[in-house]
Amino acid sequence: MAIAFTLNGKSTTVDAPPEMPLLWVLRDELDLKGTKFGCGRSFCGACTVHVDGEPERSCRMPVSRAEGKEVTTIEGLSEDGAHPVQLAWQEIDVPQCGYCQAGQIMSASALLASNPAPTDDDIDEAMSGNICRCATYSRIRTAIHRAADIAQAPSATSHETATGAGGSEA
Amino acid sequence: MNAVDKTGNLSRRGFLHVTALAGGGMLLGARFPLDGARGAFAATADAETALNAFIRLTPNGIATIMAQNPEIGQGVKTMLPMLIAEELDIPWSQVRVEQADFDATKYRGQMAGGSMATPMHYESMRRVGAAARAMLVEAAAKEWKTKPEKCTTEAGAVHFKNKSLSYGELASAAADIEPPSPRTVPLKDAKDFRIIGQEIPGVDNPEIVTGKPLFGIDVTVPGMKYAVFEKCRVHGGKVKSANLDAVKASPGVTDAFVVDSAAQAGSAGPSMFQVAPPNGIAIVGDSWWLINEARSKLEVTWDEGPTASQSTAAFDRRAEELSKQAPEQDLRNDGDAAGALASAAKTLEAAYQYPFLAHAPLEPQNTTAHFHDGGLEMWAPIQTPQFARGDLAKALGIPEDQITIHLTRMGGGFGRRLYWDYMLEAALIARQAGVPVKLVWNREDDTRFDYFRPGGYHYLQGGLDEAGNLTAWRDHFVSFGEGRRFAPSAEMMPNEFPQGFVPNFALQASKMPLGIPTGALRAPTSNAISFVVQSFIDELAAEAGKDPLQFRLDLLDSAPAGTRTAFDPKRMKAVLELVRDKSGWGKADLPEGTAQGVAFHFSHRGYFAEVVQATVSKEGELGVDRIWVAGDVGRQLVNPSNAVNQVQGAALDGLGQALDQEITFDGGRTNESNFHNFKLLRIDQAPPVEVHWVMSDNQPTGLGEPALPPVPPALCNAIFAVTGKRIRSLPISKHDLSWT
C-alpha cells in the first residue's frame, strides 16, 4: 500500500504494509539507519523520531499513521549536524557506545522546542523514556542545558567544563 | 603500494616496518609484544609476527591512525590513537582515525575486555608514535645536513634553528629512513604531554549525533536478506519438528529451515569464550519486520532436554540444603577459622545471595554473513574477534584465513559480545540459505538467550575479639558448576578480600549443575562478590560498634608485614580516605531518613572506594541522592573526559543492577524478556556521580569496569544506616524498606 508523508522536509511515498512500524520503513525500506531498534515495544526510546514536531516511538507506530504527516529523523534534524542539541552533545562529549544517542537527541530537541529553558526535573521527566545503557545521564542533563544556552545565544561561550580533568564532575 | 620496504633494527622484542606510499608519504607498521599481556591474552597471538599498529602519513600532513581494538563504548577508538599521536608530536586536529578490521597478521590484542586496553597498549602505542617521529626528524636532519639530536618537533613539524619542515613535506623522505628500535626510542616526559591528559571528544561523535550508519545492525550488503532465529525457550533444547511450510507461505518470507549445528562439520573449539552449538529455526526474507512477525505462526515441537527441570526456586532450595552440608571443596584456608570462630568474643552469621543478570546491550545481537569466493566475510559487533574466528573456523569446517571479520562499532558490550553465538548462527543461516544474510535478534531473544552473570549464595560467619578486631572469616560459597569446574564467571578468587587481612580465613565452595549459559558481565565476579564482602564487613563493623569507614581503614592496616595480599593496601587506604573527605563522611548534617554507606573494591588493577547517600522514607520509598567515587588507576588518565564518563556510567550501572535487576528461570526458561521486566536505570533514577582521583605513581590501568562493584554494597549499607535493615539479597526492589 502506498503511503505518502513528508520525511526530513521531502515528500516521500513508500509501498509497505500499513501496519509495518515506521521504524522498519525508515531503516530497511528507506535506508535511514540513524533511527535505532532497541526493544520494539517503546520501552527504550532508541527509535524516537518527530511526527509533526512531537516525539514518537517509531517502533510502535504503524507507518499508515504517518500518512500526510511531517516526519523528522536524526538525519533530518539539521542539514549539517549544527542543531544546538547536536553541537552540545559533541561539546560535552556525551556518547559512550552511542547507540541510544539518536533517540536521546530527538527527545531532547523536542523538549527544547516546547520548553527552551528546562530544569533538571523537566529534563528527567521528558527524558525518562529514553534508556542509555551506558548511563551517560549526567552528561545528557548537562548537554541539554548547554543546548538551551546555544539556542538562545548561539555565540555564547562554553559552560564551565563538564568533565574537569583530575577533578570532579557531578 | 610500492617498492621501498624497510625493516628497522630487528630486536627480539619487536620491530618497525616502513613502506613508501605510491602517492607519496609513508606507512609505518610496528610489532611488539604487548605491555602487561599475560595469561590467556598472551597465549592467543604470535608475538613475533603480529603487527599491532599503523600510521599513514600523507603529504598533506594528515596522519591517519588505525584504531585496532573493537569499540564498545569504552573509548578505545579515541584513546589508542591519542597515545600514538602524542609521541608523534602532531596536533590532534591533523589526526584521522580509522577502524581496523580484525587481522591477526597485523595487529595484536584486538579485544575489548578485562579493562585491558590501557595496560596492554599504553607504552607500546606510544613507542610506535615515537619511532615515526624519530624517522621524520632524521629525514629533516638529512635534508639540513645536521644531526637529528639538534632538531626538535612541535605541532607536526621538525624545527632546526630558523628552519622547519612539516611532517607532510617529510613523509616521503621518511619512508627511506631505517626505523629505529622501538625498545630504545626515547619517549616524552609526562610533563611534555600535549594530547595525553587532554579531554578529547570521541572520534565518532560527529557521526553518532547525525545518525550515520556505524553499528553492526546498520550494515547492508548487496543482495542481502534478513534472518531471524527461533530457539527453544528451554536453554539447550532442540527442534524435533516444525510447520515450516506454513511459515514459508507468510508475507515477506523467502525461506525457513532448521539449523542444527551438530550436523555441521567440525565442532565449537576450546576457546575461553566457547559457545553452544546453535539449534533452532531460521526464517529468511526481504523485510526483518515481516519475518519477525512470521515467528508467531511457528508451531514447533521441541526436545526440551535436561535443563527443563532447572528453576530459580530449585536453585534457592538446593543452595540452602548445601549450606547445611560439608562444603565440597576448600578454596583457601588460613589459620583456623573454625577454632577462631568458636573462641571469638562476638560472632555473626549471615546468608547472602544475588541473582542472575543479563547484559542487555541496547543494540540487539546481530551479524551480517556473506559466503563468497570460497570464504566467509562477516560484519559483526564482537569483542573477541580472534577467539571468534578460530572457533568459527572449527565449527564451520573452513580454514581460519578464509574468514574475514569487519569490526563495527558496538551498541554496548558489557561482556555479552565476548561470546559469538550470534555470529555462528548468522554463518550457518547464510550458508544454508545460499545468500548473504543479516541476522538480527529481537529484544526478547537478547534477554532470554544471554550468557548470564550467574547468581550465587554465600553463607558467612565472622568473629571479632574483645576490642572489635576481625579475627575470623568463613564463607561457604554455593555456586554453579560440576566436579572441580565452576560455570563461567561463577568462580571466586581464593585471595578475595579480606584474605590476608584476617588471621583465620576459610573460603569453601559447593556447586550445583547448571544448564543455563553464563559468562562475564562488566567486572565479572567482582560485580557480585563486592556486594557480599563489603556488606558483611559493614555488619561486622556495626557489631564491633565502630564507624564502618574507619573499621575498613583499620582492617586494611591489619595485614602482618610481608603478607601477600591481592592488592596494595596503601593504595586502597588512599582512595578510602579521599572518598571520606570528599563525601563529608561522618561530618555532613544529614536530615532524618538520609544516610551514607561506603564500600571499596579492587578489580581490573583499579582501586575504587565509593560513598552512596540515600534517602528512605518511613513508608520505604528509596531515593539515591549522590554517589562519590574515589579511584586510583595510576599516574596518568589518558583521556580524562572519557575516564569520568566511564566511571560515572559504571557506578550507575552498579546502581541499576542493585535497585531492580534480576533474571529468573522456570522450567529451564528465562522469565524476563524486555525492559518492562528487566529494568535498566533511567535518567530520573540517576543521581549525580562525583569522581575524584588519586594520582599514584603506578602504571596506568583501565577504567571500563572497576568503578562498578562498590556501588551495590555502598547503597545497601546506606539503607541499613537509615532503616536498620540489612539487604542480604538483590535486587533491593524485592525488600520492604519501611521503618519507624
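Give me the residue from the range B:626-659 that is in a strand (DSSP E or B) and among the hydrophobic types (A, V, I, L, M, F, W, C) and, out of that set, nearest to residue B:193 (Cα to Cα).
Among them, the one singled out is B:630.
Assess whether residue B:320 counts as being away from chain A (no Cβ under 14 Å), open to solvent by less than 90 Å² (accessible area, probe 1.4 Å) and farther than 22 Å from residue A:24 by Cα.
Judged against the criteria, residue B:320 is a match.
Does the range A:48-62 contain any residue that is facing chain B (nearest Cβ under 9 Å), open to solvent by 10 Å² or more (accessible area, probe 1.4 Å) and either within 29 Å of residue B:76 (Cβ to Cβ) or out of contact with any helix residue (DSSP H, G or I) (no Cβ under 8 Å at 6 or more places or on another chain) (or both)?
For the range A:48-62, residues facing chain B (nearest Cβ under 9 Å), open to solvent by 10 Å² or more (accessible area, probe 1.4 Å) and either within 29 Å of residue B:76 (Cβ to Cβ) or out of contact with any helix residue (DSSP H, G or I) (no Cβ under 8 Å at 6 or more places or on another chain) (or both): absent.
Here's a check for you: in the range B:140-181, which residue that is open to solvent by less than 30 Å² (accessible area, probe 1.4 Å), in a helix (DSSP H, G or I) and at pLDDT 95 or above is farthest from residue B:27 (Cα to Cα)?
B:141
Give all pairs with beta carbons closer than 6 Å in which a residue from the range A:120-147 that is at negative phi meets a residue that is among the charged types (D, E, K, R) and not in a helix (DSSP H, G or I); count only pairs at least 6 apart in sequence or on separate chains.
From the range A:120-147, the pairs are A:128/B:682.
Can you name the number of the only condition in (1) more than 8 Å from chain B (Cβ to nearest Cβ); (2) assigned to a loop (DSSP other than H, G, I, E, B) that residue A:113 fails?
Only one criterion in (1) more than 8 Å from chain B (Cβ to nearest Cβ); (2) assigned to a loop (DSSP other than H, G, I, E, B) is unmet by residue A:113, namely (2).
Determine, yes or no, whether residue B:135 is assigned to a helix (DSSP H, G or I) and within 14 Å of chain A (Cβ to nearest Cβ).
Against the criterion (assigned to a helix (DSSP H, G or I) and within 14 Å of chain A (Cβ to nearest Cβ)), residue B:135 does not qualify.
I'd like to verify a number: residues in the range B:467-520 that are over 19 Å from residue B:455 (Cα atoms) and in a loop (DSSP other than H, G, I, E, B), how many?
Of the residues in that region, 9 qualify.
Quick check: anything in the range B:653-662 under 21 Å from the mean Cα position of the chain (by Cα), closer than 23 Å to residue B:582 by Cα, more than 7 Å from chain A (Cβ to nearest Cβ) and surrounded by 24 or more Cβ atoms within 10 Å (Cβ to Cβ)?
Yes, some residue in the range B:653-662 is under 21 Å from the mean Cα position of the chain (by Cα), closer than 23 Å to residue B:582 by Cα, more than 7 Å from chain A (Cβ to nearest Cβ) and surrounded by 24 or more Cβ atoms within 10 Å (Cβ to Cβ).
Residue A:68 fails exactly one of the following numbered conditions: (1) more than 9 Å from chain B (Cβ to nearest Cβ); (2) assigned to a helix (DSSP H, G or I); (3) more than 20 Å from residue A:131 (Cα to Cα). What is the number of that condition?
Unmet for residue A:68, out of (1) more than 9 Å from chain B (Cβ to nearest Cβ); (2) assigned to a helix (DSSP H, G or I); (3) more than 20 Å from residue A:131 (Cα to Cα): (2).
Applying the selection to the range B:539-562, what residues are open to solvent by less than 10 Å² (accessible area, probe 1.4 Å) and within 23 Å of residue B:457 (Cα to Cα)?
B:540, B:541
Step by step: first the residues of the range B:63-78, then only those that are of a type in the set (A, V, I, L, M, F, W, C) and open to solvent by less than 20 Å² (accessible area, probe 1.4 Å), then the one that is farthest from residue A:133 (Cα to Cα). Which residue is that?
My answer is B:63.
Across the range B:498-521, which residue is farthest from the chain's Cα centre (by Cα) among those that are farther than 23 Å from residue B:342 by Cβ and open to solvent by 20 Å² or more (accessible area, probe 1.4 Å)?
Out of the qualifying residues, it is B:513.
Could you please find all residues in the range B:105-132 being among the polar types (S, T, N, Q) and either open to solvent by less than 10 Å² (accessible area, probe 1.4 Å) or part of a helix (DSSP H, G or I) (or both)?
B:110, B:118, B:124, listed by residue number.
Taking the stated definitions as given, is residue B:482 within 26 Å of residue B:704 (Cβ to Cβ), of a type in the set (D, E, K, R), out of contact with any strand residue (DSSP E or B) (no Cβ under 6 Å at 6 or more places or on another chain) and open to solvent by 10 Å² or more (accessible area, probe 1.4 Å)?
When the stated conditions are applied, residue B:482 does not pass them.
Does residue B:350 count as assigned by TED's automatic domain parsing to the domain that holds residue B:527, hydrophobic (A, V, I, L, M, F, W, C) and surrounded by fewer than 24 Cβ atoms within 10 Å (Cβ to Cβ)?
Judged against the criteria, residue B:350 is a match.
The values are calculated or read from the model by the stated rules, or taken from the named source; none is laboratory data. Keep in mind the model is a prediction, meaning the values are calculated, not measured. Positions of Cβ are backbone-derived with ideal geometry, glycine not excepted, and every protein chain shown enters the neighbour counts. These area figures cover heavy atoms from the full protein model, side chains too; ligands, DNA and RNA do not enter into them. Shrake-Rupley method; radii C 1.70, N 1.55, O 1.52, S 1.80 Å.
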